[in-house]
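Below is one structure, written out as structure tokens, with a few remarks after it.
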Amino acid sequence: MIVLGIETSCDETAAAVVEDGTTVRSAVVHSQSVHAEYGGVVPELASRDHLRKIGAVAAAALRQAGTGLCAIDAVAATSRPGLAGALLVGCCFARGLALGAGKPWVAVNHVEAHLHAAFLEDPTLRPPLVALIASGGHTSLFHMDGQGGMSLMGRTLDDAAGEAFDKVAQLLGLGYPGGRAIEQRAQRSAVRPVAFPRPLLGDDSLDFSFSGLKTAVLNHVRRAGAGGGGRMEEGGIDAVCAGFQDAVCEVLAEKLRRALEYAGCARAVLAGGVAANGRLRLAAGRAARQCGATLTVPRPALCTDNAAMVAACGSRRLAEHGPSPFDEPVSPRATWPRYRGT
Ligand code: KG4
Ligand code: ZN
């Protein structure tokens, strides 16, 4: 089965062609640069830029896959969660293509799509599994049962992990998005990392909280910068980045370990944009090994927003639930049932 995937939920306009839910034949991503000067995504600008780029991006994906619409079996697009206007652009485009070509269309959940990047990384991967999805908009632990049904084990109570990376980068003057910049500064740090709190680690829930950590960084930066006319010296910024990254990675990895133990699961997945972080990949690998589980982490290009994961998720949805109706709503929010144990 060959599926064309379309992704426009936030600030990446992406299209990809995936065969049998596991083989990426092409993947094209246009990352919007219009938001950089605002320090965050501006929804109206995002929708307009998707509209400008989606046609060319989809045409490039088909061309690079050496195929045309007639050889595609279905069109899948992200329909939730995300920015409402941005989702509308991708869904209308995908439905129009599908309707015009006489093919089925499949609405895909963005967070579920992030998880499906793991099936592209390792086609032999099978549920049941526990997945930690950490991105700019979401930080959640899921249990995927043997039939592929997802239930929520824990989630952030405030900021997502990637959002915390971006906000800390902004207050350190490192630009937007900030995850990669913080990782690079942490890597080059030559001094001891600043010690920051590990939020909700003492708590026995599987939930997360990152907004207090962000405030702790802000307070540290204010104190440390006070002597230097408000600006910290470069080595100090590196040490803040290293300390902040350590705190986030330790909390994420430890909660993944607890979730694996709680569910008695032997397979783990780490995905979403923050999973591109090298330190988190190592920490999550260690956490999985501690409970005898194997961890699958997609390569970095499949962790950040892309359409190959949407096509992979669409393939599974189509096979298991059939096509989506052409009046399927798009929705900025999504909900999952709570995990109740195995
Ligand atoms: O999955 P994604 O592309 O978009 C959402 O669905 O939100 O995730 C983007 C997030 C941003 O917050 C970005 O700063 C973060 O992922 N990110 C990273 C790294 N690369 C991207 N965070 C930490 N370390 C990285 N190397
Ligand atoms: Zn995402």
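Computed from the coordinates by the stated procedures, all read-outs in this text should not be read as laboratory data. Because the structure is a prediction, the values reported are computed rather than measured. Counting neighbours? That spans all protein chains shown, and the Cβs are built from the backbone with ideal geometry, glycine included.
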Simple spin-label estimate for Asp145/Cys70, 7 Å along Cα→Cβ, in nm, reads 4.4
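Where both partners of a DSSP beta bridge lie in the chain, what percent of those bridges are antiparallel, to the nearest 5?
On the way: 25 of 43 bridges.
Rounded to the nearest five, the antiparallel share is 60 percent.
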Working from Cα positions, state the angle (0 to 90°, nearest 10) between the long axis of helix 211-225 and the longest principal axis of the chain.
40
Mind putting a number on the dipole of the chain about its Cα centre? Charges go on the C-beta only, +1 for Lys and Arg and -1 for Asp and Glu, and I need it in Debye to the nearest 20.
380
Angle in degrees between helix 84-101 and the longest Cα principal axis of the chain, rounded to the nearest 10:
20
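Rounded to the nearest whole Å³, what is the per residue volume of the convex hull around the Cα atoms of segment 109-148?
Values: hull volume 2.7 nm³, N = 40.
Dividing the Cα hull volume of segment 109-148 by its residues yields 66 Å³.
So if R0 is 30 Å, what FRET efficiency would Arg222 and Arg333 give, r being the distance between their Cβ atoms, rounded to the nearest 0.05?
On the way: r = 35 Å, r/R0 = 1.16.
With R0 = 30 Å, the Cβ-Cβ based efficiency is 0.30.
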Using Cβ contacts closer than 10 Å as the measure, can you line up Ile72, Ile6 from fewest to most?
Ile72, Ile6
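Going by C-beta contacts inside 10 Å, put Thr8, Thr156, Thr67, Thr304 in order with the fewest on the left.
Details: Thr8 34, Thr156 21, Thr67 17, Thr304 26.
Ranked by crowding around the Cβ, least crowded first: Thr67, Thr156, Thr304, Thr8.
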DSSP beta bridge pairing in segment 127-298, given as percent antiparallel to the nearest 5:
60
Can you find, among Trp336, Ala242, Leu141, the residue farthest towards the positive end of the dipole of the chain? Put +1 on the C-beta of Lys and Arg, -1 on that of Asp and Glu.
Ala242
At a Cα cut-off below 17 Å, give the aspartates and glutamates reachable from Lys53, other chains included and same-chain residues fewer than 8 away excluded.
Glu7, Asp11, Glu12, Glu44, Asp305
Would you tally the net charge around Asn277, using a Cβ to Cβ cut-off of less than 10 Å, leaving Asn277 out, and scoring K and R as +1, D and E as -1?
+2
Per residue of segment 158-173, what does 6.51 cos²θ - 1.76 cosθ + 1.60 with θ = phi - 60° give for ³J(HN,Hα)? Whole Hz please, x for Gly and Pro, Karplus curve as stated.
9, 6, 6, 4, x, 5, 5, 4, 5, 5, 5, 4, 5, 6, 8, x
The size of the Cβ-based charge dipole (Lys, Arg +1; Asp, Glu -1) of segment 115-255 about the Cα centre, to the nearest 20 debye, is 460
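Would you mind ranking Asp73, Asp327 so that the residue whose beta carbon has the fewest other beta carbons within 10 Å leads the list? Display every interim value, and only then the final one.
On the way: Asp73 14, Asp327 6.
Ascending number of Cβ neighbours within 10 Å: Asp327, Asp73.
In square nanometres and to one decimal, what's the mean projected area of the convex hull around the Cα atoms of the chain?
Details: hull surface 66.9 nm².
Its Cα hull, projected and averaged over all orientations, spans 16.7 nm².
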Using alpha-carbon coordinates, inclination of helix 234-263 to the longest axis of the chain, degrees:
60
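Suppose only helical runs count, i.e. DSSP H with n ≥ 4. What mean residue ellipticity at 222 nm does that imply for the chain under -39500 (n - 2.57) per run, divided by all residues and rounded to the nearest 500 deg cm²/dmol? Intermediate values should be presented prior to the final figure.
Working: 10 runs with 149 residues, N = 342.
Helices in the chain give a 222 nm mean residue ellipticity of -14000 deg cm²/dmol.
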